[in-house]
Structure formats: structure tokens, C-alpha cells
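Peer 1: I'd like to ask you about the structure that follows.
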Amino acid sequence: MQDLTEFLDEASSPGEFAVFLLHWLFPELFDHCKLGEQDSCYGDGGKQELDPQRLQIIRNYTEVYFPHMQEEAWLQECTQRINDKLQGLGLDPGSKGEPPKR
């Protein structure tokens, strides 16, 4: 895994940086079972809420490196990007947005 400062240099947005931190702090969501597809930042849509302490760490790091990230910007850019990433875990790699076939 990349060093935090290396990725920060490559991150094009606070949302991209937050998704990197998601991988770093919640590695269990990205294992072969794709557990993350059952989660969202704050438990939206009947999904399981991410651990608030680790989510706060993501927010704290993001705000340190992107100081303009206040409440509304965090919700619009970072949590949306994280939730999109988690939702995308349930898709087959070549499915072009289609849910996995059962």
C-alpha cells in the first residue's frame, strides 16, 4: 500500500483522498466477501453504519490536508464518494454498472 504522503501528492480531490483512507482504515470491507457493499458512512438506505471512530479519523485527515472541507463539503464530496465506492463493491468488474447476476 502506498504511503499516505505519496497518495496525498496523487489525490486529485478530497473525495479521492477520503476513499484512499477508507481502504487504509477499513481493509475488511474490501476482502473477497465484499463486505463493504452492505455499509454506508452513516447507515443510509438501511445499510450498516461504518465505525464512527474510524470514519472520524478519515474526516480529520481529510480536513488537515484539505482545510476547506467543512460540514457541507464533507457530506457532498467525501461521504458521497465513499458511499459510491462501497456501493460499487457489489458490481462485477466487467458489468458496466449492472448488479451481479445471481
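Peer 1: Only Lys, Arg, Asp and Glu count, each charged at its Cβ (+1, +1, -1, -1), so figure out the dipole size of the range 4-88 about its Cα centre, rounded to 20 debye. Could you put the intermediate results ahead of the total?
Peer 2: Working: 6 positive and 16 negative charges, 28 e Å.
Charge dipole of the range 4-88: 140 debye, to the nearest 20.
Peer 1: Return the equivalent ellipsoid semi-axes of the range 4-88 as a descending list in whole Å, where each equals the square root of 5 times an eigenvalue of the C-alpha gyration tensor.
Peer 2: Working: eigenvalues 82, 43, 22 Å².
After scaling each eigenvalue by five and taking roots: 20, 15, 11 Å.
Peer 1: Just need the relative contact order of the range 4-88 here, percent rounded to a whole number, with Cα pairs under 8 Å and 6+ apart. Numbers along the way, then the final one.
Peer 2: Working: 79 pairs, mean separation 32.5, N = 85.
It rounds to 38 percent for the range 4-88.
A short reminder: the numbers here are calculations on the coordinates, not readings from a lab. Remember, predicted model here, so these are calculated numbers, not experimental data. For neighbour counting, all protein chains shown are included, and Cβ atoms are generated from backbone atoms with ideal geometry for every residue, glycine included.
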